[in-house]
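Every number here is computed from the coordinates shown, using simple stated rules; none is lab data. These figures come from a predicted structure and were not determined experimentally. With ideal geometry, Cβ positions are generated from the backbone for all residues, glycine too; neighbour counts draw on all protein chains shown.
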Amino acid sequence: MNAQDFQEQWERRQLEESARQKPVLSGRAQIAIVSIWVVILTAVALSACAPRDIIASGNESSVIVQQDGSVASASALAQGHCQKYGRNARLAHSQGFMLAFDCVGR
């Protein structure tokens, strides 16, 4: 093996070794990726804390909404329920966090 063959073999091994190495992200890229994950996880955590109104029971003539947000959001949920029957929601009475709506004709 002469010096030129040795040099070519050495360079080939160096190229193969560098091809096997995993690329390393720069410090800025790592910070950007971590920042994106922090924003995503924060948004998911906060969305779990958002108030949610739920329909406790309902039929074509009335609906009871368990209020966890505002009266306006509970009314919108009741309106959506009553509209399935071609009616509008009207607040009948409330007790604590429970709001009762009548589904009345249009």
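For the chain, the relative contact order comes to 18 percent (Cα pairs under 8 Å, sequence separation of at least 6).
Peptide packing: for 62-70, 28-36, the average count of neighbouring Cβ atoms within 10 Å per residue gives the ranking 62-70, 28-36, highest mean first. Between His93 and Leu41, the modelled labels are 4.9 nm apart [label points 7 Å from Cα along Cα→Cβ]. In a reduced charge model with +1 at each Lys and Arg Cβ and -1 at each Asp and Glu Cβ, the chain shows a dipole moment near 460 debye about its Cα centre.
Long hydrophobic helices in the chain, taken as whole DSSP H segments with a C-alpha length of 24 Å or more on their own axis and mean Kyte-Doolittle hydropathy at least 0.0: 27-49. Based on DSSP H segments of at least four residues, each scored -39500 (n - 2.57), the chain has a per-residue ellipticity at 222 nm of -17000 deg cm²/dmol. For the residues Gly86, Gly58, Gly96, a GNM of the chain with alpha-carbon springs under 10 Å puts the largest fluctuation on Gly96. Sparsely packed loop sites in the stretch 34-106 (the chymotrypsin sites (Phe, Trp or Tyr not before Pro) outside DSSP H, G, I, E and B with at most 14 other Cβ atoms within 10 Å) comprise Tyr85, Phe97.
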